[in-house]
1. What does the average come to when, for each residue of peptide A:307-316, you count the partner chain Cβ atoms lying within 10 Å of its Cβ?
2. In bins 10 Å wide, starting from 0, what share of all Cα pairs of chain B does each bin hold, as a percent?
3. Rg to Rh ratio, segment B:268-417, alpha-carbon atoms and Kirkwood radius?
4. Once segment A:60-286 is represented by equal point scatterers at the alpha-carbon sites, with solvent omitted, what log10 I(q)/I(0) does the Debye formula produce at q = 0.09, 0.16, 0.17 Å⁻¹?
5. Taking only the Cα atoms of segment D:207-256, how large is their convex hull per residue, in Å³?
6. Starting from the Cα gyration tensor of segment C:191-335, multiply each eigenvalue by 5, take the square root, and state the resulting semi-axes largest first in whole Å.
7. Over all directions, how big on average is the projection of the convex hull of the alpha-carbon atoms in segment D:146-299, in square nanometres?
8. To the nearest 10 degrees, how steeply does helix D:198-220 sit against the main Cα axis of chain D, on a 0 to 90 scale?
Amino acid sequence: MLFSNRMINILIPIISVVLGLLSGAIIMLVFGYNPIEGYAALWNGAFGDSYFLGETLRQVTPYILSGLAVAFALRTGLLNIGVEGQVFVGWLASVAVGISFDLPMIIHLPLAILAAALAGAFWGFIPGILKAKLGVHEVIVTIMMNYIALYISNDIVRNVLTDGEDRTAEIAPSASLASEWLASMTYFSRLHYGLIVALFMALVMWFVLNKTTRGFELRSVGFNQNASKYAGMSVGKNIVLAMVISGAFAGLAGAMEGLGTFGYMNVKSGFTNIGFDGIAVALLGANMALGVVLAAFLFGTLKIGALNMPTEAGVPTELVEIVIALIIFFVASSYIIRWAFLRFKKEGK
Amino acid sequence: MDYVIEMLNIRKEFPGIVANDNINLQVKKGEIHALLGENGAGKSTLMNVLFGLYQPEKGEIRVRGEQANITDPNIANDLGIGMVHQHFMLVDTFTVTENIVLGSEPKRMGQVNLKRAEKEVQELSERYGLNVDPRAKIRDISVGMQQRVEILKTLYRGAEILILDEPTAVLTPQEIKELIDIMKSLVSEGKSIILITHKLKEIMEVCDRCTVIRKGQGIGTVEVSETNPTELASLMVGREVSFSTEKTPADPKETFLSIKDLRVKDVRGVEMVKGLNLNVRAGEIVGIAGVDGNGQSELIEAITGLRKTESGDIKLHEKAITNLTPRKVTQSGISHIPQDRHKFGLVLDFPVGENMVLQSYYNEPFSKNGVMNFKNIYKKANELIEEYDVRTPDAYTKARALSGGNQQKAIIGREVDRSPDLIIAAQPTRGLDVGAIEFIHKKLIEERDKGRAVLLLSFELEEIMNLSDRIAVMFDGQIVAEVKPEETNEQDLGLLMAGNSTSKAGGE
Amino acid sequence: ACGASDDDAGNEEDSTGGDSSENTEEETSEENASGDFSVAMVTDVGGVDDKSFNQSAWEGLQAFGEENGMSKGEGYDYAQSESDADYVTNINRLVRQDYNLIYGIGYLLQPAIEEVASQYPDTNFGIVDSVAEGDNIASITFKEHQGSFLAGVAAAKKTESNMVGFVGGVDGALINKFEAGFVAGVKSVNADIEVDVQYAESFAAADKGKLIASNMYDKGVDVIYHASGATGNGVFAQAKDIKNNDPEANVWVIGVDRDQYEEGAVGDTNVTLTSMVKRVDIAVQDVATQAMNGEFPGGEVLEYGLSDDGVSIARTNEEAMTEEIITAIEEWKEKITNGDVEVPSTREDLETYVNSL
Amino acid sequence: MGFIDIIASIIPAAMVYAAPLIFTALGGVFSERSGIINIGLEGLMVMGAFVGIVFHLTFYDTFGAATPWVSIFVAMIVSALFALVHAVASITFRADQVVSGVAINFLALGIGLFLTKQWYDKGQTDMVARPFYATDIPLLSKIPILGEWFFSGWYMTSYLAIILAFVVWFVIFKTPFGLRLRSVGEHPMAADTNGIKVYRMRYIAVMLSGALGGLGGSVYALTVALNFSHSTIVGQGFMALAAVIFGKWHPLGALGAAIFFGFAQSLSIFGSGLPLLEDVPQIFLLIAPYVLTILALAGFIGRAEAPKSLGEPYIKGSR
Ligand SMILES: Nc1ncnc2c1ncn2[C@@H]1O[C@H](COP(=O)(O)OP(=O)(O)OP(=O)(O)O)[C@@H](O)[C@H]1O
Ligand SMILES: Nc1ncnc2c1ncn2[C@@H]1O[C@H](COP(=O)(O)OP(=O)(O)OP(=O)(O)O)[C@@H](O)[C@H]1O
Ligand SMILES: [Mg+2]
Ligand SMILES: [Mg+2]
């Protein structure tokens, strides 16, 4: 057989990316830019030297986690639009622990990370329990929780963690994910150990969902609540758990920013978009752990690379937004690509 | 020739399968024409071709002698062809009238003229004795009533040729009788009917001719008056089929399940089970006979822990299992073959193999310390697939891709294999062909003979009569009578099921 | 983003990464005679066309380039940030492209500038609207409280209801500076005037800006000073609505950062009373010139205020800015520049100031 | 300020906030009633805002005082066409509807800002010279109390939003089109066997949601924001989606939900002036609209039943 099903499944995202980039090139041509220059600038901006590679990986880190958060909930049939808010509270919690204690690193850092996960988990617990107990649609609740997180975080930064300042103190070095070693390897990029945390969490998600009985239940509830109930699983418990775990992943994404990239939390005038981008990352990664990692990598590359496009090639960064959107469309419309393959296969015979 | 419908040399392919291969079907005006074949033989496909839902790869369709190119259900409608589908095509949240007029609504000033529509539906319903309430919501009416709505839909559109795809599979005996009357009144008005059914008795009773297809191929057409059920069955399956399942008399032992004074409410809060008492003993099959909607579903859901009870006791082996969680109920030794296999029985998007351990995944050897052991799971699955003859490419195939009969066999395999003390089988053979039914009946009897208790719920009297050692008649939330199958007949049972308990109360 | 600035009081404690005191004092611009001097800036998420300080800074760079025969990409350039996380990346990119002087525009970039500056002691940096520690950093700040004070004077002179309003973006030290100056100005003219202060908690919520303005005008406020970026669009929208419906209505908006006269046009009239203009362009051009000439003010905190025209009050709306108002403004400006009046820049100072009136 | 006066200022303000949400939510109702999830409402609003502003800036000289009306009309048309992308992907190409909607959000912002840079050479447009203005309705505004509440300081577009909600209600629940639309969302195969063109209905519904989302976005832009930039539409589309669900997929429900949001939002601002609320810390007022929504859902709105086949692509001839 020319193309096995498995092959097609692997090819589809690749083809989608190629088609998305091609469309981007056409748009550049239409508007009088040189696509080769444009993409060269993108490439240089993302991988041009080890500094930019470091920055790209740094950007990938929270994307992996916010992508996992969305994906984990979706696998249980829940659309968690609240990752954004969960990132906020995670960030806040990690920084709060990071600045408030003086502990040896071996305790302090895990404690700060754990605090972020717990805060995110709590923020996921609320929509989860409302869904499980009262059937309230998780989409609305998570949307509302985003705003609540934004305003409460700002208020806490301003009135609890500081005395009316816009920014908290720097976290103690013992709570920091930042790494001299990684930074020095990459000309002071902000690449930090969080990447290891993120990759490990991807592994955790894969393991939990695919290898444990709990994951079996979560997936089962995601597909068919009635059958799950019939089979003796507690639907409500699994819904709450899914939201809690999803929120914990999102909280960790916040910790990556708080303990890794920034080292502080500041008053924000709007959303970070890490959570909203996570939706796209998850969907692009087909809600699977490995897929999410790859999609986060793609996203991080495009986002960081895009920053270089205006200075080096004069192309507006927004072009990359368009390219990302098109890639998502192509992946989503995989049916048509699959169909084209089958036609091709038939005629090839 | 006065054929109203001629389907000649029809071929219809699906990816990887030829569903119809060179099939011929000729229907005369004013006749009831049976279409007979095993599950998956291609009957529904053929009818969907006639109704314009599928386009055939080859073949010709003639309607009243004229060649027709039916590319769309609208064209079928215009040609006077109406179809009642195997799975009802009704919008749950709409009223009867809305469903009937959908797509060809009477209008007044841009609005749907519901008043007029309701009047028309009322008239039509009276004319054919269908007796439906035009304003009722579909989700509030019984399955039998829904079926009549489907028939009304075709009549409303002026259908002269009606296709009824397995209309009786979901009906109670009373409803079947009424449907047969309706069909007779329709043909007496000059309409023609194509009837798909697995029930040979019905064919013998109402049909004029019968076309048999087997594995996608036309076997031929016979005059019903010149044949008999045995011949039809062997034509269809290609071998001899035994009808009544052979079984030895039961040897009931100690009481396994005992229910006292049980009261259960349904979703809307209406009491459906009203002080019900019932015992099931080891080594016997107790059949619950009754018209749908008399609390059967609520009873079973209450026993299995899917629904809270209001009051009363359910005991298994003298131990109360009232209001335990489904998990606890399962662990206490009850298996449940659910009525709705798609809704409850299977996670259609899981592989067959994982469906096989839907309740036992957390036990060894399928998992240990919370970690799944897929090797053992698939080993078990393959054993069950083998033993229960589940036709699937492999255990990794999604359950969704299996035919209904095979999905059912998978469920039965899973439930029986858990070696329960009590098997609750709700409509275990609904919609299955005779071959599959035979297999399942045999399995249930085997389990009984091993000393297990079986509680059978079925709306098909024949199944109840054939399989049960004891029949409990359920009416209005109570067991109104208990009879032995050999001491009663379908007539009497029907009366009991209608709440007529003054007729001789058999049993005990 | 907004017309924001900052004096980050807690800065000393915060700057853990910034004390690169081992910094070599070499003059990095030693080689250039202007020949190969180059300068670039990193915007915050507002972009160079935010009609605010980013735009103003970019205009300064462009003017500087023109003066020295450079063109965009050759001699001067900018990099735009899409999120907070991009600041460091962008600054770094410019460092590696060998720009001699790199500006971070906006207080949000302060930690980023400090961080990169400590890593690259041979490059010069400028931070606008904030104070950063480092011998190779010039901190450019503005005395917005002084400008806001004059805006307060204008508002106090203009109000008929003796109620004026202040709409802030996100509550915090930087916008509080605007608030404190404004309130002080108002109270200095007439201590009985009520000042209604509200924050939208966003620089991008025009809808909230409109709700707040609507609330204020309904309560009788007739002059609103906004320091809230795009949220201010809603303030203008509400004022224009009222004015359009009733041309006699006494409603005014005071703009921020640049002259927002255009935004206030309603048919033939205009609701923009004046604007508190911040000349980031002058400052940026000034520091770049110093750097090019080998006089980079590294480690210094430059404060541009009323006296050097770093902040000022627009007079475009000649009809509204009556003789009387202008005179009052000039009087107070005089008092501030010669030190008679110390304009408060925090809420605490404001309290002391008001009590002392 | 007396009670009546406070109400008189809250009502129009709440409607300013609510009107764009009402339009967009009505679009969402159309789309979701036909079975297509529309998480791309945000993007459709962005597109509407962009087109509305750009058209207004470009053609003010041609259309004069009528420009805002022409602009929102053009924004409707363009956004309807833009929604075709979502329609093609999720109906014809059977894309996951959530995925496609998310892509719409990215795409709209990308296109809007990219073109703004191309055409205006900067990240945001100029302000429009003559947006919609709120007006007092002659005569009616003179009615005591009611006149002040309902006929002064409203935008015509706010009235339009309310009227449109009733029109949509009529269309969806009273006309043959509506009956068919709902049937397609509940049970597409049943609709198909009744001769209803499922795909066509869904295309129409998604394009209507585009048109209404575009209307919502352009009305927001031309009443509140007055220009277009990356910060013009920030979350309003998600609030509209929340209104759809909050309103249980019913046009009047969505209307009510959007007005509820408007009031909650106004209250959080006007509250500081109300005697009862003036001592409540600012943060509680800030989060009040969102907390109230959750409480309302949990307390008495509860479970909402979505159209049955929402999110499932219809594949002709499958079961
Ligand atoms: N949409 C479809 N896609 C793929 N295969 C199909 C489809 N519909 C039917 N088939 C195949 O065609 C065969 C005939 O199916 P059909 O539904 O016509 O059988 P049937 O005779 O109606 O069976 P039953 O008695 O169970 O209703 C099936 O075995 C199935 O494999
Ligand atoms: N989504 C699907 N993917 C793959 N195959 C499908 C799908 N849907 C249906 N089929 C095919 O269609 C058949 C299922 O049709 P159906 O359930 O009508 O079978 P059947 O033999 O008629 O059983 P039943 O007893 O339920 O009538 C299977 O044989 C399967 O191969
Ligand atoms: Mg079938
Ligand atoms: Mg069939």
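Each reported figure results from applying straightforward, stated rules to the coordinates on display, with no laboratory input. Being a predicted model, the structure only gives us computed values, none of them experimental. Neighbour counts run over all protein chains shown; Cβ positions are idealised from the backbone, glycine included.
1. Working: counts 9, 5, 0, 6, 11, 3, 0, 2, 2, 9.
Neighbouring Cβ atoms belonging to other protein chains average 5 per residue here.
2. 4, 17, 27, 26, 18, 7, 1, 0
3. Numbers: Rg = 17.1 Å, Rh = 17.0 Å.
Using Cα coordinates only, the ratio equals 1.00.
4. Per q value, in the given order, log10 I(q)/I(0) is -0.35, -1.02, -1.12.
5. Numbers: hull volume 4.0 nm³, N = 50.
Value for segment D:207-256: 81 Å³ per residue.
6. 32, 18, 14
7. Numbers: hull surface 48.5 nm².
The directionally averaged projection comes out at 12.1 nm².
8. Compared with the principal axis, the helix lies near 20 degrees.
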